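> Structure provided below as structure tokens; questions to follow.
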Amino acid sequence: MSRSPLLFPSLAIFVALLAFSLRQYSLRRQQQLLKLWNIEDLALYNGTYDDGSPILLGILGSVFDVTKGRSHYGPGGGYHHFAGRDASRAFVSGNFTGDGLTDSLHGLSSVEVKSVVDWRDFYNRSYIYAGKVVGRYYDSHGKPTKYLKGVEAKAARGSQLLEKQKKEEAKLPDCNSRWSQQEGGEVWCETGYPRLVQKPLEIALTGKMRRRCACFKEEELTQSGLELYQDCGYLSKVCPVN
């Protein structure tokens, strides 16, 4: 069976066009990765313009194309307040108005800063990276600033402290608990007696004092820092919680 003399030239042209398209895509992608945004330009990509423009979001100075989540990030979406800006702080503060929509993490604990870094990593995994915002986190050459390096170092400390807290808490078994609207709440221990105790490393982690319920053996009940639940007997295994 004879082959058409046009087959091989056509195939060669197709391969050449495909290679050219791939190179062009690679160049556009590289330009996108190197794109430096200022705050004013980024604000134009908040999804409110019906011109087919992408929806962009900034976090810790990194910009992501979240267009595929238009129902969430476009006008009327639950996350529209993040579109067209870097509102890093709001990812943990929950303040989506006025001064809350800022990229400053000043005053946040190491755990809160770690949470923002985790959000950035989520966007890196889930959406298209689209460049950097020049300002707090990247300079005019796209290099990380001292502020960004400080944020990442603080997040690393938060991660280490959380791991250490987990190990410390594992030494003391948690109380069981239940709650119902009719009967209220209660805590109890299968082995030992319920006591309120300061969560280890909590002040270093969050800057706040928080307690949890843990079960202690009878011979451990005299150690300092333990608090008996109100209306609960010294050796009661079940304690009401108001």
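> Looking at the range 145-174, I want the residues that are at negative phi and at pLDDT 85 or above and have a partner that is outside any helix (DSSP H, G or I) and open to solvent by 80 Å² or more (accessible area, probe 1.4 Å) with Cβ atoms under 9 Å, at least 6 apart or on another chain. Which pairs are those?
Matching pairs, first to second residue: T145/R136; Y147/R136; L148/R136; P173/E190; P173/T191.
> G142 passes all but one of (1) at pLDDT 95 or above; (2) in a helix (DSSP H, G or I); (3) open to solvent by less than 60 Å² (accessible area, probe 1.4 Å); which number fails?
Among (1) at pLDDT 95 or above; (2) in a helix (DSSP H, G or I); (3) open to solvent by less than 60 Å² (accessible area, probe 1.4 Å), the lone unmet condition for G142 is (2).
> Here is a follow-up. Scan the range 110-139 for residues that are basic (K, R) and surrounded by fewer than 17 Cβ atoms within 10 Å (Cβ to Cβ) and jot them down.
Result: R125, single match.
> Can I ask one more? Just the residues that are open to solvent by less than 50 Å² (accessible area, probe 1.4 Å), small (G, A, S) and in contact with a Cys (Cβ under 8 Å, 6 or more places away or on another chain), please, taken from the range 169-201.
The one that is open to solvent by less than 50 Å² (accessible area, probe 1.4 Å), small (G, A, S) and in contact with a Cys (Cβ under 8 Å, 6 or more places away or on another chain): G192.
> Any idea which of T48, T102 is open to solvent by less than 60 Å² (accessible area, probe 1.4 Å), in a loop (DSSP other than H, G, I, E, B) and either in contact with a Ser or Thr (Cβ under 7 Å, 6 or more places away or on another chain) or polar (S, T, N, Q) (or both)?
Answer to the selection: T102.
> While we're looking at this one, here's another question. Quick one: which residue in D121, D139 is free of Cβ contacts under 8 Å to residues at least 40 places away in the same chain and under 13 Å from S88 (Cα atoms)?
Within the list D121, D139, the selection yields D121.
The values are calculated or read from the model by the stated rules, or taken from the named source; none is laboratory data. Everything quoted here is computed from the prediction, not taken from an experiment. Quick reminder, even Gly has a Cβ in these numbers, built from the backbone with ideal geometry, and neighbours come from all protein chains shown. Ligands, DNA and RNA are excluded from the accessible area calculation, which covers all protein heavy atoms including side chains. Shrake-Rupley method; radii C 1.70, N 1.55, O 1.52, S 1.80 Å.
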